[in-house]
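Please read the structure below before turning to the comments.
Read-outs: derived from the displayed coordinates by stated rules, not from any lab. This one's a predicted model, so the numbers in the text were calculated from it and none came from an experiment. Cβ atoms come from the backbone with ideal geometry, glycine included; neighbour counts cover every protein chain shown.
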Amino acid sequence: MLPDEMTAAAERDTPASAAQFTVERANRALVFVRRIVGDIVARYRELTELRAERDRLRAAAAGPAHLQANYDRVEACVQRLKRLIGELSAVGCVLKDCRTGLVDFPAAYQGRRIWLCWRFGEAAVAYWHEFGDGFAGRRPTGDDFN
């Protein structure tokens, strides 16, 4: 399973009993989450570059040794991404986008399941969206979230 498929599966398989975050708890988790997501974004960029290199090698009819070396590096990068995504999942949050480092934290608001939403580079978890909505539907959190 590739990283993009893993994030989709994690979102789909998040049980109703998954850890519930408050804004405060999600922000405390960012100390750890930020490091993991930084690694994920970097490894995903590396994977994208390795795939582009593979395409160039194929177009240039490179020998099998060059293609195998590229394949081995791609596979190592995918395995590293899987481990990192697993670490993030163990925290209780879900990676939504490897490229941008978009992460959602399951939470509850006014009696319904929602996602607290954070993207790599943002200072804090300060947005949320409905469980079925995506990034485009996110709204700022208010004082009533803690």
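Just a few scattered comments:
- With the simple model of a label 7 Å out from the Cα in the direction of the Cβ, Arg34 to Ala126 spans 1.3 nm.
- Separation in nanometres of the label points that stand 7 Å from Cα toward Cβ, at Arg56 and Arg99: 2.0 nm
- Most fluctuating residue given options Arg119, Arg56, Arg80, as computed from a GNM of the chain linking Cα atoms under 10 Å: Arg56
- In this structure the amide hydrogen of Lys96, modeled in the peptide plane, comes within under 5 Å of the amide hydrogens of Leu102, Val103, Asp104, none closer than 5 places in sequence on its chain.
- Charged neighbours of Ala108, selected by a Cβ distance under 13 Å, balance to +1 (K, R count +1; D, E count -1).
- Every helix of 4 or more DSSP H residues in the chain counts as -39500 (n - 2.57), and over all residues that averages to -18000 deg cm²/dmol at 222 nm.
- Placed amide H near Tyr109: partners under 5 Å, 5+ positions off or other chain: Ile114
- The calculated FRET efficiency for the pair Arg113 and Lys82, based on their C-beta separation and a Förster distance of 41 Å, comes to about 0.95.
- Between Thr48 and Gln68, full extension at 0.36 nm per residue minus the direct alpha carbon distance yields a gain of 5.5 nm.
- Sorted fewest first by neighbouring Cβ atoms within 10 angstrom, Trp115, Trp128 come out as Trp128, Trp115.
- Förster-model FRET efficiency, 25 Å R0, Glu24 and Phe135, C-beta, rounded to 0.05: 0.65
- Placing +1 on the Cβ of every Lys and Arg and -1 on the Cβ of every Asp and Glu, with nothing else charged, gives the chain a dipole about its Cα centre of roughly 240 debye.
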